[in-house]
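Laboratory data are not the source of any read-out in this text; all were calculated from the coordinates shown. Small disclaimer: the values here were computed from a predicted structure and weren't measured. As a convention, Cβ positions derive from the backbone with ideal geometry for all residues, glycine included, and neighbour counts pool all protein chains shown.
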Amino acid sequence: MRIRKQKRNTLYSTLLPLWLLALLLGGSHPHASDDKRNTIPDTVSIDSQYAVYWELAPLEEAADIIVIAHTSQSICERNNIIRYWDTGGIEYFYTETKLAVEKVVKAPSDLALKEGDSFDVLETFAYTTMGPRQKLRMDDYIELRQNSRYALFLKRNTSGQYYIMNRNEGKFNLDGTDADDLATINMFPTLWLNVYDKYAKLQ
């Protein structure tokens, strides 16, 4: 059922913490002016087909790894990967980001992943290295903010690497430090509320 705007605001005001309600109703992020992502002049979003999960239970079941984590890396410290065809066209791109794991909720039995570990994940954005500098991203994906705390749902690809699944709806900011995460709330309110209710309290 589609939630009407006035009812959705009532739902938020009842269930969401004050910091998030303030952002949702028009407050700005205290560090937004320092975020270099906002000054990038040319961003290209590429549409793709991918599995979309609207509810928490199917998302949890599909994920190979669920962690509470943050990255201490700035954008320039992350590993920018982009491969070009001989013709100059782009074959693929992604960014490898190092996570600091705070809590492991789910992981394969053959993967020794624990609290305090560093763990590399793939994000679906990168910067071009040929021609005019551009930021490329898949399906409007917005990268993890440095030092923000997230619940992350990860999937293993055919190369054995783990990526954030479900695009922006596979990462959920838990500490109110990523204003861009509000897009997830507006598009997937029930999913976001269920994730926050279950994972924000995990230490």
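What GluC sites (Glu not before Pro) does region 72-143 have in DSSP loop regions with at most 15 other beta carbons within 10 Å?
Those satisfying the criteria are Glu115.
Only loop residues by DSSP count here, and only those with at most 11 other Cβ atoms within 10 Å; note down the trypsin sites (Lys or Arg not before Pro) in region 49-158 that meet that.
Passing both the DSSP loop test and the Cβ count: Lys114, Arg133.
May I ask you to compute the full-extension gain from Glu77 to Ala200, defined as 0.36 nm times their residue separation minus their alpha-carbon distance, rounded to one decimal in nm?
41.6 nm
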